[in-house]
Amino acid sequence: MESIRNSLVLNLDQIAAFVNVVDLGSFTAAADKAGLTQPAVSLQVKLLERRLGVRLIERVGRRAQPSPAGVELLAHARRILEDCSSAQEAMTPYREGAVGRVRIGSGGTASIHLLPRAIAAAKKRMPGLEIIVRIGNTGEVLRDLETNALDLAVVTLPASGRSLAIEPFYDDELLAVAPKGSMMPEEGPDAEFLNGKILMLYEGGNTRRTTDEWFEAAGIRSQAAMEFGSVEAIKELVAAGLGWSVLPGLALKRDRASYLTTSPVKPRLVRQLGMVVRRDKHLTKGLREVMRCLRAFKD
């Protein structure tokens, strides 16, 4: 009887390796995520297949996909890992100074100008809460969220995914930005006015897409003299007199009266920020507190 029980014991690392391979479609990607070598992940999956007596992964072209048996196992494997994670989390209050962890993914602007205040408010109520912030573009952050590498995403909308629950929570007006002392039209610059300036625009993402669509609505294709992946870099270049830009107001709250001239554009342009979680995500006390603080975020 003892030998039968031992033969049925499943290894959590092997289960996690199997789930990662299925989620990412690649042994190499699963190895990178786990910080292991590709042969090590392959061995873990092979040992799990040997333990269960079935083939779990099949190659379809260059992608690794679950076999029929693997599809059947996947739901059980996710539940096992989730239960183990919940069990570990339930123990955190008993570990000295720890009351949980929240992993947040966000874009650069929100991580600098919005998250710190929300995190500070959450930490005030839960001093032992561990909060980890990972910066990336919307696509990267949502992929990590879907694979459960993150607990919460704070991104510029729109965002999509059948497994995701999306909650808009903050309207961020985009503003025209110019060097200090520049003359702005009284009712705000329109697309035609800005198109006559040397423009430095944010590179890629939903914020750039929103800006381009605003120009297109006026029948103008935005022409960026320079593109950057950092709003903070664009602010410094504008302040140095190298051009104009259209940037999120969230990133300009501290700078409007100092070294930049800003103005709403005409017609006004707003991007929406949202919180995103997996629909099946267990909302821990720490995660609920962070989300509550983000909802309370005000100008």
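One table, with the values for the structure above:
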read-out: In the stretch 127-148, the residues that are open to solvent by 20 Å² or more (accessible area, probe 1.4 Å), in contact with a helix residue (DSSP H, G or I) (Cβ under 9 Å, 6 or more places away or on another chain) and aliphatic (A, V, I, L, M); value: Ile131, Val133, Ile135
read-out: Set Val60, Val22: member being touching a helix residue (DSSP H, G or I) at 6+ places or on another chain (Cβ under 8 Å) and of a type outside the set (Ser, Thr, Tyr); value: Val22
read-out: Which listed residue, of Gly196, Gly188, Gly243, Gly219, is touching a residue at least 60 places away in the same chain (Cβ under 8 Å) and over 29 Å from the mean Cα position of the chain (by Cα); value: Gly188
read-out: The one condition in (1) within 30 Å of Ile104 (Cβ to Cβ); (2) open to solvent by 10 Å² or more (accessible area, probe 1.4 Å); (3) among the charged types (D, E, K, R) that Asp172 fails to fulfil; value: (2)
read-out: Ala165, sole failed condition from (1) farther than 16 Å from Pro264 by Cα; (2) at pLDDT below 95; (3) surrounded by fewer than 16 Cβ atoms within 10 Å (Cβ to Cβ); (4) out of contact with any helix residue (DSSP H, G or I) (no Cβ under 8 Å at 6 or more places or on another chain); value: (2)
read-out: Selection from the stretch 75-126 of residues that are more than 23 Å from the chain's Cα centre (by Cα), buried (at least 17 other Cβ atoms within 10 Å of the Cβ) and modelled with pLDDT of 90 or more; value: Ala77
read-out: Condition check for Ala251: modelled with pLDDT under 95 and open to solvent by 50 Å² or more (accessible area, probe 1.4 Å); value: no
read-out: Some residue of the stretch 257-266 being within 26 Å of the chain's Cα centre (by Cα) and either open to solvent by less than 20 Å² (accessible area, probe 1.4 Å) or free of Cβ contacts under 8 Å to residues at least 12 places away in the same chain (or both); value: no
read-out: Residues of the stretch 224-244 that turn out to be under 17 Å from Arg209 (Cβ atoms) and open to solvent by less than 50 Å² (accessible area, probe 1.4 Å), as a count; value: 3
read-out: Of residues in the stretch 158-183 being under 29 Å from Val21 (Cα atoms) and either assigned to a loop (DSSP other than H, G, I, E, B) or among the hydroxyl-bearing types (Ser, Thr, Tyr) (or both), the one nearest to the chain's Cα centre (by Cα); value: Ala159
read-out: Condition met for Asp151 (open to solvent by less than 70 Å² (accessible area, probe 1.4 Å), charged (D, E, K, R), in contact with a helix residue (DSSP H, G or I) (Cβ under 6 Å, 6 or more places away or on another chain) and under 22 Å from Leu81 (Cβ atoms)); value: yes
read-out: Among residues of the stretch 206-216, those that are open to solvent by 40 Å² or more (accessible area, probe 1.4 Å) and under 25 Å from the mean Cα position of the chain (by Cα), counted; value: 2
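The values are calculated or read from the model by the stated rules, or taken from the named source; none is laboratory data. Keep in mind that this is a model prediction, so the values were computed, not measured. Every residue, glycine among them, receives a Cβ derived from its backbone with ideal geometry; neighbour counts consider all protein chains shown. The area values use the complete protein model at the heavy-atom level, side chains included, leaving out ligands, DNA and RNA. Shrake-Rupley method; radii C 1.70, N 1.55, O 1.52, S 1.80 Å.
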